[in-house]
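Single-structure report; data block below.
The values are calculated or read from the model by the stated rules, or taken from the named source; none is laboratory data. Just so it is clear, the model here is predicted, and its values are computed rather than measured. Here the Cβ positions follow ideal geometry from the backbone for every residue, glycine too, while neighbour counts run over all protein chains shown.
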Amino acid sequence: MKKISASARALFWKIFIRIRWVLRFSRKQEAEIGARTPDFTLRDLSGRSFTLSDSFPKKAVVLWLTNLCSICEERIQLLQRIYEANRDRLEILAISTLGEDRATPERILRTHRMTFPLLLDPGDWVGKTLGLPHPVGACPLYNLLVLDPSGVIRFKSHLSAIGDETFLEMIRSVVATP
């Protein structure tokens, strides 16, 4: 069987995600805007645990469920800039949906010098609990959730499908919420 290049695979998933976004053919109930997210605890690569509810009520939270594909990887610097500018009012939790793969998250951390947590979710508990299904090796259709300081979803998108200004404006509105 012929190997598909990484750029062809990335292009396929980008097109797939955008088509699915428009058609919305998934029948599963997904995390809805206005819904409260369930609490969870995950560990990072060094074994430190992070519990979602520890951020509330002092901070808003961005949940980024990702397979760390090249398309999402291109957007890490945007997330890093947002985190650095708002770390006193905003937590970003990157959640790896790569199963038992530790090499890719380790490479991402080394390459991009992320200072926000990259958590491992080998069983995709968060994605399944939030109703964000995805094929193995792909990001969920909505892989970016912005939660207000009470844990309520205020925005959802796919990281690669949102413009920088739209995302920045959403962050500003959520972190400004008392």
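Somewhere in segment 101-117, is a residue outside any helix (DSSP H, G or I), of a type in the set (Phe, Trp, Tyr), in contact with a strand residue (DSSP E or B) (Cβ under 7 Å, 6 or more places away or on another chain) and closer than 22 Å to residue 174 by Cα? Yes, segment 101-117 contains a residue that is outside any helix (DSSP H, G or I), of a type in the set (Phe, Trp, Tyr), in contact with a strand residue (DSSP E or B) (Cβ under 7 Å, 6 or more places away or on another chain) and closer than 22 Å to residue 174 by Cα. When 79, 68, 130, 147 are checked against the criterion of being at pLDDT 90 or above and in contact with a Ser or Thr (Cβ under 8 Å, 6 or more places away or on another chain), a single residue qualifies: 147.
Look through segment 95-114, keep the residues that are buried (at least 18 other Cβ atoms within 10 Å of the Cβ) and among the hydroxyl-bearing types (Ser, Thr, Tyr), and return whichever of them is farthest from residue 58 (Cα to Cα). For segment 95-114, the residue satisfying everything is 97. Among the residues of segment 123-147, which ones are assigned to a loop (DSSP other than H, G, I, E, B), among the hydrophobic types (A, V, I, L, M, F, W, C) and farther than 26 Å from residue 6 by Cα? Once the filter is applied, which keeps residues that are assigned to a loop (DSSP other than H, G, I, E, B), among the hydrophobic types (A, V, I, L, M, F, W, C) and farther than 26 Å from residue 6 by Cα, segment 123-147 yields only 130. Cβ-Cβ contacts under 9 Å between residues 6 or more apart (or on different chains), taken from a first residue in segment 103-115 that is aliphatic (A, V, I, L, M) to a second residue that is part of a loop (DSSP other than H, G, I, E, B), are listed as 108/68; 108/114; 109/45. Could you list all residues from segment 53-87 that are in contact (Cβ under 8 Å) with a residue 40 or more places away in the chain, β-branched (Val, Ile, Thr) and part of a helix (DSSP H, G or I)? Hits for segment 53-87 are 71, 82.
Scanning segment 88-100 for residues that are in contact with a Ser or Thr (Cβ under 9 Å, 6 or more places away or on another chain) and not in a strand (DSSP E or B), we see that the one that is farthest from residue 150 (Cα to Cα) is 98. Quick check, is residue 92 crowded, with 17+ Cβ neighbours inside 10 Å and either within 11 Å of the chain's Cα centre (by Cα) or among the acidic types (Asp, Glu) (or both)? It is true that residue 92 is crowded, with 17+ Cβ neighbours inside 10 Å and either within 11 Å of the chain's Cα centre (by Cα) or among the acidic types (Asp, Glu) (or both). Consider segment 29-47 and keep the residues that are out of contact with any strand residue (DSSP E or B) (no Cβ under 9 Å at 6 or more places or on another chain) and in contact (Cβ under 8 Å) with a residue 12 or more places away in the chain. The one that is farthest from residue 173 (Cα to Cα) is 29. For segment 148-170, residues that are closer than 17 Å to residue 72 by Cβ and assigned to a helix (DSSP H, G or I) total 6.
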